[in-house]
Amino acid sequence: MPTSRDSDRLPSLVVLRGPSCSGKTTTALAIRQAVGRGVAVVQQDVIRRELLRERDLPGALNIDLIAMIVTRCLAGGYDVILEGILDASRYGTMLRSLIAAHPGPAHVYYFHLPFEETVRRHAAKPDADGYGERDLAEWYVPNDVLGVSGERIIESTEAQQDVVTRVVSEALPRGLESAIDRSG
């Protein structure tokens, strides 16, 4: 269904997955800033940890709730960026179903970082005391790609702004136009 903002275009679904401290949230928020209104950012951590205060277990309520929120935002004409660790063993079925059911474009990105890099990035965070290396190790799943068609890998060596520009140009081209309009 076309959006109210751009009647000839279906909304995009963008999924940003990867280990803790890989830059998913920062990237999602920077993309929304670059694109402007009309982009919903759905954060796994906000739904699971803040809204529900739920452990990340198979079949937990947050999995269905994430799917419902994403589906409703897409139906409302919003481009959606879903971001989180979204471990394929627990979230893979839901993610594949969302992608398959979405009539518009879907773009999946996996942030590929070695464990040591996630630890280094975590130590640089202002709230690094909230959890530690043991938690990071428990959450870390190496090469946890979803295995869907067109899934793209983001390497740890890619600069943050380059990642934002890449995702906007590949997944939200109207956002590139909006950013150019605002700067010119």
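Looking at 39, 119, just one residue is over 18 Å from residue 158 (Cβ atoms) and either among the hydroxyl-bearing types (Ser, Thr, Tyr) or modelled with pLDDT of 95 or more (or both), and that residue is 39. The number of residues in region 2-23 that are of a type in the set (Lys, Arg) and modelled with pLDDT of 95 or more comes to 1. Output the number of residues of region 28-78 satisfying the condition of being closer than 20 Å to residue 108 by Cα and acidic (Asp, Glu). The total comes to 2. Mind checking whether some residue in region 141-161 is at pLDDT 95 or above, of a type in the set (A, V, I, L, M) and in contact with a Ser or Thr (Cβ under 9 Å, 6 or more places away or on another chain)? Yes, that holds for at least one residue. The listed residues are 106, 75, 67, 88, and the only one of them that is farther than 20 Å from residue 10 by Cβ and among the small types (Gly, Ala, Ser) turns out to be 88.
Annotation note: Cβ proximity below 8 Å between a residue of region 27-41 that is touching a residue at least 12 places away in the same chain (Cβ under 8 Å) and a residue that is in a helix (DSSP H, G or I) and of a type in the set (Lys, Arg) (sequence gap 6+ or interchain) occurs for 35/174; 36/182; 39/32; 41/32.
Within region 68-76, is even one residue over 14 Å from residue 168 (Cα atoms), surrounded by fewer than 17 Cβ atoms within 10 Å (Cβ to Cβ) and touching a helix residue (DSSP H, G or I) at 6+ places or on another chain (Cβ under 6 Å)? Within region 68-76 (the criterion being over 14 Å from residue 168 (Cα atoms), surrounded by fewer than 17 Cβ atoms within 10 Å (Cβ to Cβ) and touching a helix residue (DSSP H, G or I) at 6+ places or on another chain (Cβ under 6 Å)), the answer is no, since none of the residues qualifies.
Of all residues in region 77-97, those satisfying the criterion of being of a type in the set (Val, Ile, Thr) and surrounded by 22 or more Cβ atoms within 10 Å (Cβ to Cβ) are 80, 81, 85.
Among the residues making up region 146-162, those that are among the aliphatic types (A, V, I, L, M) and in contact (Cβ under 8 Å) with a residue 40 or more places away in the chain are 146, 148, 153, 154.
The values are calculated or read from the model by the stated rules, or taken from the named source; none is laboratory data. Here the structure is a predicted model, which is why all the values come from computation and not from measurement. Because the Cβ atoms are built from the backbone with ideal geometry, glycine has one as well, and the counts that use them run over all protein chains shown.
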